[in-house]
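Asker: Before we start, here is the structure in question, set down as structure tokens.
The values are calculated or read from the model by the stated rules, or taken from the named source; none is laboratory data. What you are looking at is a predicted structure, and each value in this text was computed from that prediction instead of being measured. Here Cβ is always computed from backbone atoms with ideal geometry, including for glycine, and neighbour counts include all displayed protein chains. Calculation scope for accessible area: heavy atoms of the full protein, side chains included, ligands and nucleic acids excluded. Shrake-Rupley method; radii C 1.70, N 1.55, O 1.52, S 1.80 Å.
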Amino acid sequence: MKQISQVLWTGRRTGQPWRLATGATVAGLAVAAVAVSAAGPWDFGQRTAERDRAVALGRTGGVHHRAAAPDEPGEPAPAPSAPGVLSAPRAPVAASGAIAPVLEPLMGDPGLGPVLTASVVDLTTGKQVYGKNAGSPMAPASTIKIATAVAALSATGPTHRIPTTVVAAPDHRTVTLVGGGDPTLDQVRLGALADGTARALREHGVSTVRVTYETSLYRGPVLHPIGANDNIAPVTPLMLDEGRLDGSTRGPADRAEDPAQDAAAAFVSLLGKRGINTETGPDQGKRPAKAVTVARTLSLPMSALVERMLTNSDNDIAEALARQTAIADGRPASFAGGQAAVTARLKRLKLPVANVRLADGSGLNRADRVSAALLTGLLARAADPAHPELRSVLTGLPVAGFTGTLTERSQARTAGLVRAKTGSLTGVDTLAGTAVSADGRLLAFAFMAGETPFYGAGRPALDRMASALIP
């Protein structure tokens, strides 16, 4: 295998591979190299946080990157490239014997508890270079979001956008706000829906309407099995700002008891500000017969939603993406439908799903069971040149010392060199992601601790294990 001498981003973000300019022919290493060598900060989605921080620190690149506006047709606009931050990996020198001596002394940390599994895979070759009970299923906590991301991207494609629509009866006297499953709907886009609706009504000489809202896309329980909780809103296909009541954009928050009704009420208020009166509503119901679409807004592309979900460990997006997977595969959009659809997608990708249980998309459910081998297998698929549609799984991982849930979790030498999804429940700590080894290899790792003595007890030890992969 020849060494890559140069890697540059040159294309749009689409469902097709981004074009790469290389100084040599590369087989099997392209996406792995891209994941660490290309652009930092990244060009899209949650990478704006890294972009802004880089600019603040006086680094160049990425200042004028932007996505297409939510209602603009087509692909996101091209973006200028940011400079590379790491040299491309050299040819692999896989050595499982070199990894065990540095990892195993760290595994006896009392914070990890008595149950620990681990898997390390060389992403250049796809071969496991270290394993400890790697096939044993354990509670994954939020690392299950990697599985949700892979399944959603596989099912819908990275350019898929989730719609929220307003439809009207033929006489335009009744309008219905129809939830399509986008938890990221915000005031700006809801206002755009109100603009389009008011314009259509005025064109038909209507100034007073009945407003209804539809949530029939989803099936089954609305509440997550953990019940009402500030980590997740009731799971409904229509919500505004993830049902958050405090203006926050990430982390725990007070949540609306009925996010759909609240979103519809906000829509009614916006219509009123545009001169449209409501004689009744908002009432829950189905769209009128022979309804016509009068306004529509779209979420960011699936690739950007995946990045945001992974970077922020966003439970609401995770459950929405599990349901988008179910919808794409013709299954009910429910907890059970999502479980079946995500599992089927992983099977299709030939990943080890024996004894795996994906009871939800977020990892809040303690019934979830995932193996370390599955987690590293998912990362290997995302780094596989044959699956460019999965690339945002890698770019969305939090960066140690830099973004998301790893902002405060790094040692000096791991900052920027480890990207990983965190996971924590009481008694459970997990970490899965990628690290660049001293000889330039990109490694995928998954470390899963169960029966930890208290919440977060295993985090320092897991961080040290990730750090040990960078001698």
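Asker: Give me the pairs: first residue in the range 88-113 and of a type in the set (V, I, T) and in a helix (DSSP H, G or I), second residue at pLDDT below 95 and open to solvent by 40 Å² or more (accessible area, probe 1.4 Å), beta-carbon distance under 9 Å, and six or more apart or on different chains, which are they?
Answerer: If the second residue must be at pLDDT below 95 and open to solvent by 40 Å² or more (accessible area, probe 1.4 Å), the pairs left are V102/P471.
Asker: Going through the range 215-237 one residue at a time, which ones are of a type in the set (A, V, I, L, M) and either in contact with a Pro (Cβ under 7 Å, 6 or more places away or on another chain) or at pLDDT below 95 (or both)?
Answerer: L217, V222, L223, I226, A228, A233
Asker: Being of a type in the set (K, R) and more than 24 Å from the chain's Cα centre (by Cα) is the filter; apply it to the range 253-277 and report the residue that is least open to solvent (accessible area, probe 1.4 Å).
Answerer: The selected residue is R274.
Asker: Can you tell me which residue is farthest from S313 (Cα to Cα) among those in the range 347-372 that are touching a Pro at 6+ places or on another chain (Cβ under 6 Å) and buried (at least 24 other Cβ atoms within 10 Å of the Cβ)?
Answerer: Among residues in the range 347-372 that are touching a Pro at 6+ places or on another chain (Cβ under 6 Å) and buried (at least 24 other Cβ atoms within 10 Å of the Cβ), the one farthest from S313 (Cα to Cα) is S371.
Asker: I would also like to ask the following. Which condition number in (1) modelled with pLDDT of 95 or more; (2) β-branched (V, I, T); (3) within 23 Å of H224 (Cβ to Cβ) is the one that T405 fails?
Answerer: (1)
Asker: Filter the range 272-294 down to the residues that are part of a strand (DSSP E or B) and within 21 Å of A320 (Cβ to Cβ) and list them by number.
Answerer: Hit for the range 272-294 is Q284, nothing else.
Asker: Follow-up. If you take the residues of the range 235-251 that are open to solvent by 30 Å² or more (accessible area, probe 1.4 Å) and within 17 Å of the chain's Cα centre (by Cα), which of them is farthest from A192 (Cα to Cα)?
Answerer: G251
Asker: Look at the range 280-300 and say how many of its residues are out of contact with any Gly (no Cβ under 8 Å at 6 or more places or on another chain) and under 21 Å from E389 (Cα atoms).
Answerer: Counting residues in the range 280-300 that are out of contact with any Gly (no Cβ under 8 Å at 6 or more places or on another chain) and under 21 Å from E389 (Cα atoms) gives 2.
Asker: Taking the range 214-234, which residues are open to solvent by 10 Å² or more (accessible area, probe 1.4 Å) and either β-branched (V, I, T) or more than 15 Å from S334 (Cβ to Cβ) (or both)?
Answerer: Within the range 214-234, E214, T215, V222, I226, G227, A228, N229, D230, N231 meet the criteria.
Asker: Name the one entry in A295, A304 that is closer than 30 Å to T174 by Cβ and either over 13 Å from the mean Cα position of the chain (by Cα) or crowded, with 22+ Cβ neighbours inside 10 Å (or both).
Answerer: A295
Asker: Could I ask something else about it? Would you call L185 within 23 Å of T325 (Cα to Cα) and surrounded by fewer than 22 Cβ atoms within 10 Å (Cβ to Cβ)?
Answerer: Against the criterion (within 23 Å of T325 (Cα to Cα) and surrounded by fewer than 22 Cβ atoms within 10 Å (Cβ to Cβ)), L185 does not qualify.
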